[in-house]
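The values are calculated or read from the model by the stated rules, or taken from the named source; none is laboratory data. Everything numeric in this text was worked out from a predicted model, so none of it was measured. Methodologically, a virtual Cβ is constructed for each residue, glycine included, from the backbone with ideal geometry; neighbour enumeration extends over all protein chains shown. Only protein heavy atoms, including side chains, enter the accessible area calculation; ligands, DNA and RNA are left aside. Shrake-Rupley method; radii C 1.70, N 1.55, O 1.52, S 1.80 Å.
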Amino acid sequence: MVETAVDRRLVQELARSGGELPAQFVQKEENRPIGSSPPASGVPIVDICRLFESGEEALRLKSGLQTWGLCQVVSDELSTNFLDEVRSVAKKFFNLPKEEKLKYGNLTDDGEFKLEGYGNDIVVTKDQVRDWNDRLYLLVEPECARSLELWPDNPSSFRSLLHEFSIKTRKIADNLLKAIARVLELEENYFTDQFGEDGAAFVRFTYYPACPRSDAVIGMKPHSDGSAITLLLLDKDVDGLQVLKDGEWYAVPTVPHALLLNLGDQMEIMSNGILKSPMHRVVTNSQERISVVMFYTVNNEKYIEPANNLVDEQRPRLYKKVLIKSYLNELFENFAKGKRAIDFAKV
């Protein structure tokens with residue numbers, strides 16, 4: 001990916017310097033968060049272990065996905081202590097000296113941007129308003145495709161914890177894909193079959209430094225995910241995630257022992273728009289914040305399209321057949337510009 005020549009200083013270093021806030025982070029008036037947002041109190045909590053045994057649990061999942069595009073998920077697979085360990089190792093990484101973190105940097109020696117690695121997101125125009133975060137982005141599945149040279153070995157437990165986290169969340173993701181298929185009255189394995197054995201999973205560790213201008217700076221601009229589904233481990237102590245519903249932003253409260261399920265654009269396409277990929281953003285705070293996010297996507301070389309059983313005279317096809325590689329290219333370009341990529345797939 002080629003990006004424009006801009007100031008690529010790390011946000012964490014800017015925050016530590018205490019200097020004047022660079023203009024490239026200041027949002028236009030119409031894009032700034034206004035006041036406090038009401039809580040998204042209707043997002044349900046679903047126990048993954050009871051999802052296939054309890055009709056009530058399945059109804060909660062359906063309600064959350066149809067109303068918000070979100071659902072809080074708890075599982076015996078993920079103890080509170082384990083989730084705290086994952087949060088802790090993420091914080092420890094971002095608290096390392098800059099030189100140590102840059103061993104895993106996402107810029108080549110020639111300054112070319114790479115998707116994987118530590119640093120900032122892609123900047124495609126000189127007037128692009130930047131987000132107030134640094135991130136570490138890694139491919140975790142297929143395991144044989146991992147770029148282990150970009151996986152930190154400091155903290156010493158980072159790699160083993162991430163590997164364990166990826167195994168546990170994959171089991172949860174597969175069960176959720178089956179449950180979503182049931183919600184849509186599709187064959188249970190419909191979505192897992194779309195993934196097959198070569199589906200991809202990426203992890204994004206994001207650090208949002210404390211911000212001196214939370215009234216004018218966004219942690220992450222409004223966007224929808226390009227995945228099929230996303231599982232988010234949110235900061236236990238500091239909120240910041242907001243979701244757009246009926247033209248209003250709602251604050252998503254953290255459930256410390258849960259993962260947040262967020263539907264992605266691929267699911268909206270495959271469900272023929274019955275399920276929506278929600279627009280969401282991250283606001284800044286006077287306190288630092290971290291998140292760990294798993295994105296599950298169909299393989300780059302495969303095509304997706306609305307399920308045949310979800311297309312009829314009453315509900316015509318809304319999306320065309322799309323190559324995942326082409327869609328994700330559109331996604332990253334549009335994300336940088338603050339636009340949705342899903343329009344690319346509409347009929």
Checklist entry - Hey, does the stretch 161-168 have a residue that's surrounded by 14 or more Cβ atoms within 10 Å (Cβ to Cβ) and not in a helix (DSSP H, G or I)? => result no
Checklist entry - Just for the stretch 73-100: of the residues that are acidic (Asp, Glu) and open to solvent by 60 Å² or more (accessible area, probe 1.4 Å), which one is farthest from the chain's Cα centre (by Cα)? => result 99
Checklist entry - Going by the structure shown, is residue 286 buried (at least 20 other Cβ atoms within 10 Å of the Cβ), touching a Ser or Thr at 6+ places or on another chain (Cβ under 7 Å) and assigned to a loop (DSSP other than H, G, I, E, B)? => result no
Item to check | Of all residues in the stretch 18-56 being among the β-branched types (Val, Ile, Thr) and part of a loop (DSSP other than H, G, I, E, B), the one that is most open to solvent (accessible area, probe 1.4 Å) | outcome: 34
Checklist entry - Considering the stretch 57-72 alone, what residues qualify as being over 16 Å from residue 255 (Cβ atoms) and either open to solvent by 70 Å² or more (accessible area, probe 1.4 Å) or not in a helix (DSSP H, G or I) (or both)? => result 59, 62, 66, 69
Item to check | From 192, 206, residue being touching a residue at least 60 places away in the same chain (Cβ under 8 Å), among the polar types (S, T, N, Q) and not in a loop (DSSP other than H, G, I, E, B) | outcome: 206
Item to check | Qualifying residues in the stretch 101-129 (those that are under 23 Å from residue 230 (Cα atoms) and either among the basic types (Lys, Arg) or assigned to a loop (DSSP other than H, G, I, E, B) (or both)) - the one most open to solvent (accessible area, probe 1.4 Å) | outcome: 114
Checklist entry - When you go through (1) open to solvent by 10 Å² or more (accessible area, probe 1.4 Å); (2) touching a helix residue (DSSP H, G or I) at 6+ places or on another chain (Cβ under 9 Å); (3) not in a strand (DSSP E or B) one by one for residue 222, which number turns out not to apply? => result (3)
Item to check | Residues of the stretch 317-338 that turn out to be without any contact (Cβ under 8 Å) to a residue 40 or more places away in the chain, of a type outside the set (Ser, Thr, Tyr) and open to solvent by 30 Å² or more (accessible area, probe 1.4 Å), as a count | outcome: 6
Next on the checklist: Quick check on my filter: what residues within the stretch 123-146 are within 16 Å of residue 297 (Cα to Cα), without any contact (Cβ under 8 Å) to a residue 60 or more places away in the chain and hydrophobic (A, V, I, L, M, F, W, C)?
Outcome noted: 145
